1. Give the order of Phe371, Phe185 when sorted by the count of other beta carbons within 10 angstrom, beginning with the fewest.
2. Sorted by packing (mean other beta-carbon atoms within 10 Å per residue), highest first, where do 160-169, 408-417 land?
3. Once phi is turned into θ = phi - 60°, what whole-Hz ³J(HN,Hα) does the Karplus curve with 6.51, -1.76 and 1.60 give for every residue of region 353-367, x standing for Gly and Pro?
4. Starting from 0.36 nm per residue, how many nanometres of slack lie between Thr64 and Glu437 once their C-alpha separation is accounted for?
5. Mind giving me the nanometre distance, one decimal, between the label points for Met398 and Asp156, set 7 Å out from Cα along Cα→Cβ?
6. Which whole-Hz ³J(HN,Hα) couplings does region 113-130 yield from phi under the Karplus relation 6.51 cos²θ - 1.76 cosθ + 1.60, θ = phi - 60°, glycine and proline marked x?
7. State the answer as a single residue: which of Ile326, Ser376, Leu394 lies farthest towards the positive end of the charge dipole of region 292-430, with beta carbon charges of +1 for Lys and Arg and -1 for Asp and Glu, about the Cα centre.
8. Can you tell me what share of the DSSP beta bridges in the chain is antiparallel? A percent to the nearest 5 is fine.
Amino acid sequence: MNKKWQFIILSVAMLILGAFSSTTVLATEGADEDPFAQYPAIDMEGRTIKIATWWDFFYDSRHTDPMDNPGVNNTETAQMEIDNIRRIEEKYNVRIEFSNLGWEGMIDSINTSVVSGTPDYDIYTADLQFGLAPAMNGYAMPVSEYAPEYSDIMNDQIVMKPYETFGETYFFTETSLPLGGTYMFYNATMLDELGLEDPNELLANGEWTWEKFAEMTKQLTRDTDGDGNIDVYGFGGVTTDTTNEFVASNGGGIAKELTEGLSSPETVEALEFIYNMYNVDNIAKPYTDNWEEQQLAWVDGEVAFAPVQAFSLVSNGPELSFDYRIVKWPQGPNGDGTQAGEPIVNYYFIPKGVEDAEAVYQVFEEFRNWFVFDESYRDNYDWIETGFTNLDDLDLAMEIGNMGNGDLWKVADVNGAVGEAAYNIFMGEMTVSQAVESYKQILQDGLDSFKSE
């Protein structure tokens, strides 16, 4: 951007910010030399901007040394963050503090202070499991009401980007590498020993389908020690991830636009496929109530295919005694290969009742722009590479992370209808038609609770 346009944008921004009731816009001498020139200085009069979260956040105004974070892994970028905090404090006459409320504490604060219109915190870090309901019922401000026209979120979205839920934009999140997806893990050593084709080669040739997946999992389900009992299964995983990804791979959705999709043809077809894996073909590890056992069966070599996330690969992958890869989920009969389940992401929202929300947001956006628009500092995820066996898989993980289909049933199903239906299907206690009929209205009742009166 040339200096002329920087000056024009700065001038307009200052006029807009001049309307703030309790803040004073300050002229910034030499602003055209400042990489943050798009953000005019505002005197926040010593205010502390308070952000609620449920983990220990580093770094904020209380920190002065990279080693204040016991888990620091890059002291260079940590120092950049600390230096930026000092700059923000001086420019805006402000302090920034994160408070670790814990999961239950976050819910309590939202349900009491936010709902009453007197929020305890200026910004909440919201998992959608507890952030969606207050937002959809009018207790969060739309991003468009506080984000200035010149802000990054309204333009290039290098620092922040808005997140739309059910047609409304109440949340925003930090722009980063899309590593929140759920991938299909496979034990490459196991497949190679049986002379099976590489799923990634099948994917490249357009042959990675449910039919091919079922064929392979049947061959992989076997008794390896000769005692007459099956001890390795073709597939295994928890109900949520398995249901989410098979439905998405078939072009379906369970809770889109606040309408139940449990009974949609695409979802029913996916549930039938899952039912057959667990109860007809018996190619999936028998389901039990032990969540951790189901979730980590791939670590012990008990299953050949499984749903995994990046954090689990980083935690467990380097210690494995066999080769492994990830691949997209196989394509269902009604899928087109472009959709995956909605990824795991943390979001922010500003509740109604926050004083000078425009100024709060501007300070926060600039605070999180410690990398000065150079994503190479922010996206230096050396730590994540330890979870992937090659760069192709890391690239694939990011591709999958961008394929989210917008299905929010895991956070919007407040009555637990889908979880109950899936459990009964996995356990073989209900047929798919019985489960769908039993739970579709319960799901819709839960979704209706998000609709503001």
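Rule-based calculations on the coordinates, nothing more; no lab input. All figures in this text were calculated on a predicted structure; none of them were measured in a lab. Don't worry about glycine lacking a Cβ; one is built from the backbone with ideal geometry, like all the others, and counts go over all protein chains shown.
1. Phe371, Phe185
2. Details: 160-169: 15.8, 408-417: 20.6.
Top of the packing list down: 408-417, 160-169.
3. Values, residue by residue: x, 6, 6, 6, 4, 4, 5, 4, 5, 4, 4, 5, 4, 5, 4 Hz.
4. Net length gain for the segment: 128.5 nm.
5. 1.7 nm
6. Coupling constants for region 113-130: 6, 5, 5, 7, x, 10, x, 6, 10, 6, 9, 10, 8, 10, 6, 5, 4, 10 Hz.
7. So the residue we want is Ile326.
8. Details: 24 of 38 bridges.
Of all bridge pairs located within the chain, approximately 65 percent are antiparallel.
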